[in-house]
Amino acid sequence: MARMKFLCDSERCVECNACVTACKNEHEVPWGINRRRVVTLNDGQKGERSISMACMHCEDAPCMAVCPVDCFYKTDDGVVLHSKDLCIGCGYCFYACPFGAPQYPQVGNFGSRGKMDKCTFCAGGPEADNTKEEYAKYGANRLAEGKLPLCAEMCSTKALLAGDGDVIADIYKQRVARRGYGSGAWGWATAYKTGSSA
Amino acid sequence: MTNSYNDIHNSKAIMIMGGNPAEAHPVSMQHVLRGKEQNKAPLIVVDPRFTRTAAHATEYVRIRPGTDIPFMWGLLWHIFENGWEDKEYIRQRVYGMDEIRAEVKKWNPQEVERVVGVPGEQMKRVAELMAKNRPGTLIWCMGVTQHSMGTANVRALSVFQLALGNIGVEGGGANIFRGHCNVQGCTDLGLDVTTLPAYYGLTEGAWRHWSRVWDVDYAWMQSRFESKKMMETKGIPSTRWFDAVLVDKKDLEQNDNVKAMFFWGHGGNTVPRMPEMRTGMEKVELLVVVDPHPTTAAALPDRKDGTYLLPACTQLETRGSRTASNRSLQWGDQIVKPVFESKPDHWILYKLAKKLGFEKEMFKNIKIDEGDEPNVEDILREINRGTISIGYSGQSPERLKEHMKHQADFDIVSLRATKGPLKGEFYGLPWPCWGTPEMKHPGTHVLYNTHLPVKDGGGAFRARFGVERNGVSLLADGSYPKDSEIKDGHPEFTYGLLKKMGWDKELTDAERATIERIGGNNPDGVGWAIDLSCGIIRVTMAHGVQAMGNAKARAVAFGLPDPVPVHREPIYTPRRDLVEKYPAMADRRDYRLPHLGKSIQDKDFSKDFPMILTTGRLVEYEGGGEETRSNKWLAELQQSMFVEINPADASRLGIKDGQDVWVHGPENKAKARVKALVTQRVGQGVVFMPFHFSGFWQGVDQRAKYPPGADPIVLGESANGVTSYGYDPVTHMHENKATLCRVEAA
Ligand code: SF4
Ligand code: SF4
């Protein structure tokens with residue numbers, strides 16, 4: 001089984017938000033919730049760089065460790081998913097996540113934030129694959145159809161890569177070798193402790 | 001575009017000027033960044049704004065808006081000074097470079113820094129990067145063209161590439177990234193008011209050619225017009241239609257003011273002077289909007305009657321050929337059935353022609369399919385029959401469909417099919433694809449490329465402007481396409497010249513009969529571009545010769561205003577110290593209208609309107625923006641109209657990031673209320689506004705004026721609500737990259 005990973009090459013990302021738009025459209029993510037977003041550093045200045053961010057599907061996922069109701073699980077592909085039926089909207093995973101991935105439909109000082117939502121690597125949830133029920137709660141399950149996440153498939157510049165961690169690390173290494181420089185695969189050291197050499 | 005996006009993979013240097021593809025053409029950046037990475041090509045971005053494209057540059061050059069020519073001449077100054085130009089290329093293939101040299105001499109580093117604002121060392125560095133990394137591509141967009149000096153700007157950029165020998169080679173080129181789906185096709189097929197389709201012009205010869213193609217009687221065609229003179233007079237461009245409604249009749253070169261306006265796929269908010277446009281919209285008797293969305297034109301004017309909204313399909317709801325930026329054609333299938341009651345453009349056109357009583361002539365050779373839809377295959381076949389001049393003749397529907405089917409066989413850099421039944425052809429048969437479909441020309445990936453035979457996609461500069469001028473030859477000197485039997489420059493081919501060469505015997509009887517029928521009592525005068533048999537093309541090509549001749553490219557464009565491009569200050573400029581030395585063009589007339597320049601520039605607006613205003617695009621929205629602002633995913637990403645302002649200016653004016661400000665324009669008490677975005681993207685003294693918004697007018701929400709349910713999610717003030725006068729003398733392209741404004745906290 002391949003170990004699925006995301007990689008965003010900031011030398012390529014042009015902050016076009018195609019990945020964000022593809023994600024929202026594919027999963028019908030409501031206004032105000034972003035499973036993926038583009039973060040820009042030094043906006044409008046020399047050294048401006050953007051990276052597209054979503055759940056990285058960490059190796060030792062901190063969200064999984066802190067969840068009081070144990071709603072997270074990991075697929076054979078290394079994708080971190082969760083059950084919205086179990087989620088109580090406590091927000092612990094949000095605080096634990098180094099990437100700010102978990103999102104909540106309501107934000108308030110009191111009570112529940114609603115069911116947590118985050119990137120599924122286009123792999124749906126615990127319901128049977130590609131059912132209406134699964135789509136309503138988690139969006140499309142492209143992995144079950146043999147397809148890769150749509151954000152990366154639609155990336156304008158191939159900055160965002162998704163797939164077998166070894167394959168995308170190789171693609172990235174070749175790019176860095178050709179360029180003669182590289183700012184590193186952003187977030188890899190944090191998310192994937194082993195095999196994070198890219 | 002002389003080359004293609006893909007060909008940028010071959011570039012050793014990439015210069016992007018007046019374009020922000022990271023936002024306007026994100027996918028193109030894949031090719032730009034690959035060129036940069038694979039060839040370690042310097043990526044030079046020249047723009048008044050530090051754009052998202054500039055963020056990826058190895059060298060960013062900030063110029064003052066409206067100083068493109070001095071910038072180019074400033075680079076050429078270093079190139080000529082150091083002898084870095086391609087002397088042999090210029091000798092063989094360029095006319096008039098010495099006159100350019102004389103103008104360039106004036107643009108020494110001090111004067112360039114004074115006018116453009118770029119220091120001498122940077123100019124020298126950029127010149128050297130371009131000179132020493134060849135082939136290099138020069139990419140530009142509307143930041144170069146949408147100026148009152150747009151045509152001269154474009155020519156200066158082209159001359160720069162000619163001086164370096166960068167035209168007609170892989171990895172080089174003058175590459176203008178076109179915008180939306182099929183805009184290149186629209187341009188080619190006569191959206192331009194100066195010409196019939198395929199740049200034939202408006203002369204009697206052009207009308208007779210097209211009447212033959214359309215299979216209608218020339219006399220009948222002429223009878224449709226008020227006079228032969230009007231038939232051959234340039235029309236009024238979309239940038240200025242409202243002037244034709246509003247000016248005094250005596251200032252108009254037609255019998256009356258414009259009384260009706262059709263907005264067909266045109267937002268309205270994309271061109272300047274909207275306060276006057278709004279008056280024009282209110283004054284016309286009939287206003288028709290043909291669009292998938294109601295657009296600004298439907299919501300801006302205060303009018304109750306005589307307005308019609310005709311819902312048109314998007315390209316995804318219809319099918320047919322579309323021409324891409326690089327001149328490749330693709331066949332598009334219908335993806336979804338038209339939503340609601342919307343109809344394809346050609347359906348609407350057919351119905352309109354029917355009402356007006358000339359559908360029989362207009363659709364004579366076009367089958368009308370079920371549901372009254374003209375057959376799109378037949379439409380392309382008609383295009384194939386007539387657009388010989390630019391080689392749109394070989395791309396039959398059948399060939400294009402084959403290309404779609406075998407996409408996987410094409411190489412993504414060379415665009416050539418490397419295997420399969422189409423082996424050797426270029427993807428989408430980029431024009432020119434010479435002759436008839438049966439001649440199987442592969443299309444032309446790189447224009448004017450002498451390294452390939454004509455029949456294999458090679459070519460040379462066209463001999464379009466005669467053979468000599470003031471005793472100097474305009475024809476190429478010892479340069480010719482590979483395998484050409486004529487080893488030198490030569491004029492365009494006519495039947496007469498074919499005879500002189502003794503090649504006329506190679507024509508088939510049918511081809512000769514067609515030529516003789518077209519020629520009447522002067523068959524020798526029939527040129528290759530009106531030879532409907534394409535026999536002249538076929539025979540010359542067999543001899544390795546390009547029927548359109550083999551000439552030099554004109555660095556000096558005699559016949560145009562400023563044959564050698566010279567700097568002229570924008571008509572609204574804050575640099576009063578430069579106006580005397582670099583004045584705007586004197587007031588003149590063109591396109592049936594008065595055309596002002598100097599008389600506006602003579603007035604000093606810079607006291608009340610001290611900031612330079614420039615406009616441009618955002619990645620989230622497209623054109624007038626109604627369609628994209630109605631898309632919930634995109635609307636969420638960009639929720640309010642804004643103006644970018646430098647932190648130093650903002651603090652001087654007491655403006656905080658995110659607060660509302662008024663932007664005032666210099667004409668007609670124009671103003672817009674927008675959010676301030678305080679950023680170093682813009683330099684001091686310059687502000688930037690995106691132009692995709694509408695639905696707010698001078699601070700007032702217009703949402704209630706949209707038909708119920710058809711209002712876009714995001715509304716905002718239009719940048720062109722405050723932009724001003726200014727038109728290019730050749731095309732009347734509008735100026736919305738360099739004007740003046742005043743910004744105040746609201
Ligand atoms: S990125 Fe955040 S949400 Fe995703 S697996 Fe890691 S800790 Fe969990
Ligand atoms: S689509 Fe690609 S280039 Fe565009 S923002 Fe996302 S990661 Fe960056």
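The values are calculated or read from the model by the stated rules, or taken from the named source; none is laboratory data. Everything numeric here is computed off the predicted structure, so don't read it as measured data. Virtual Cβ from ideal backbone geometry, glycine too; neighbours counted across all protein chains shown. Surface areas here come from the heavy atoms of the whole protein model, side chains and all, with no ligands, DNA or RNA. Shrake-Rupley method; radii C 1.70, N 1.55, O 1.52, S 1.80 Å.
So here's what we get for this one:
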read-out	value
Peptide B:54-61 - average C-beta neighbours from other chains (10 Å radius)	3
For B:631-642, mean number of other protein chain Cβ atoms within 10 Å	3
Distance histogram for chain B (every C-alpha pair counted, 10 angstrom bins, percent rounded to whole numbers)	3, 13, 23, 27, 21, 10, 2, 0, 0
Rg(Cα)/(2.2 N^0.38 Å) for segment B:337-444, N = residue count	1.29
Environment charge at residue B:25 (Cβ cut-off 12 Å; Lys +1, Arg +1, Asp -1, Glu -1)	+1
Dimensions (Å) - segment A:1-118, Cα atoms, principal axes, largest first	45, 40, 26
Solvent-accessible heavy-atom area per residue, rounded to whole Å², over segment B:449-554 at 1.4 Å	43 Å²
Mean Cα-pair separation over length for chain B, i.e. relative contact order, pairs under 8 Å, 6 or more apart, %	15 percent
Projected label distance in nm at residue B:251 and residue B:106, using a 7 Å step from Cα toward the beta-carbon	3.0 nm
For a label point 7 Å along the Cα-to-beta-carbon line of residue B:482, residues of segment B:433-447 with backbone N under 13 Å	B:445-446
Volume in Å³ per residue [convex hull over Cα atoms, computed for segment B:164-274]	189 Å³
Structure-based [θ]222 nm, the protein assembly as shown - -39500 (n - 2.57) summed over DSSP H runs of at least 4, per residue, nearest 500	-7500 deg cm²/dmol
Relative intensity, log₁₀ I(q)/I(0), of segment B:263-344 from a Debye sum that treats every alpha carbon as a point, q = 0.21, 0.23, 0.26 Å⁻¹	-0.94, -1.02, -1.17
Distribution of pairwise C-alpha distances over segment B:6-176, 10 Å bins, in %	11, 42, 38, 9, 0
Within the accessible area of segment B:596-746 (1.4 Å probe), percent carbon and sulfur	52 percent
Area hidden from solvent between A and B (accessible, protein heavy atoms only, 1.4 Å, total, Å²)	2500 Å²
Column: log10 I(q)/I(0), Debye, Cα scatterers of segment B:241-381, q = 0.08, 0.10, 0.14, 0.15 Å⁻¹	-0.29, -0.45, -0.83, -0.92
Per-pair calculated FRET efficiency, R0 = 51 Å: residue A:131 and residue B:405 via Cβ, rounded to 0.05	0.90
Part-to-part distance (alpha-carbon centres) for segment B:166-220 and segment B:680-746, which is given in Å	31 Å
Protection-proxy order for peptides B:667-674, B:702-709, each taking the mean of Cβ atoms within 10 Å per residue, highest first	B:667-674, B:702-709
Compactness of segment B:651-746 as Cα Rg over 2.2 N^0.38 Å, two decimals	1.19
Segment B:6-176 - accessible surface per residue (Å², probe 1.4 Å)	28 Å²
Shielding score for A:23-36, defined as the mean number of other chain Cβ atoms within 10 Å	2
All Cα pairs of segment B:576-745, percent lying beyond 30 Å	23 percent
Pair residue A:42, residue A:189: separation of 7 Å Cα→Cβ label points (nm)	1.9 nm
Dimensionless Rg over Rh [segment A:91-159; C-alpha; Kirkwood]	1.05
Label point distance in nm, residue B:334-residue B:191, each placed 7 Å from Cα along Cα→Cβ	2.4 nm
Cα centroid of segment A:147-198 to Cα centroid of segment B:320-337, whole Å	33 Å
Relative contact order (%) - segment A:10-83, alpha-carbon pairs under 8 angstrom, separation at least six	23 percent
Beta bridge orientation in chain B: antiparallel %, DSSP, nearest 5	50 percent
Segment B:6-176 - percent relative contact order, Cα under 8 Å, separation 6 or more	31 percent
Local net charge near residue B:526, Cβ-Cβ under 10 Å (Lys/Arg +1, Asp/Glu -1)	-2
Hull volume in cubic angstrom per residue (convex hull over the Cα atoms of segment A:4-197)	123 Å³
Ranked packing of B:193-200, B:597-604, B:490-497, most packed first, by mean Cβ within 10 Å	B:490-497, B:193-200, B:597-604
Tail weight of P(r) past 55 Å, computed on alpha-carbon pairs of the protein assembly as shown, percent	14 percent
Value of Rg/Rh across segment B:35-122 [Cα atoms, Kirkwood radius]	1.02
Pairwise centroid distance, computed over Cα atoms, of segment B:460-536 with segment A:81-103, Å	74 Å
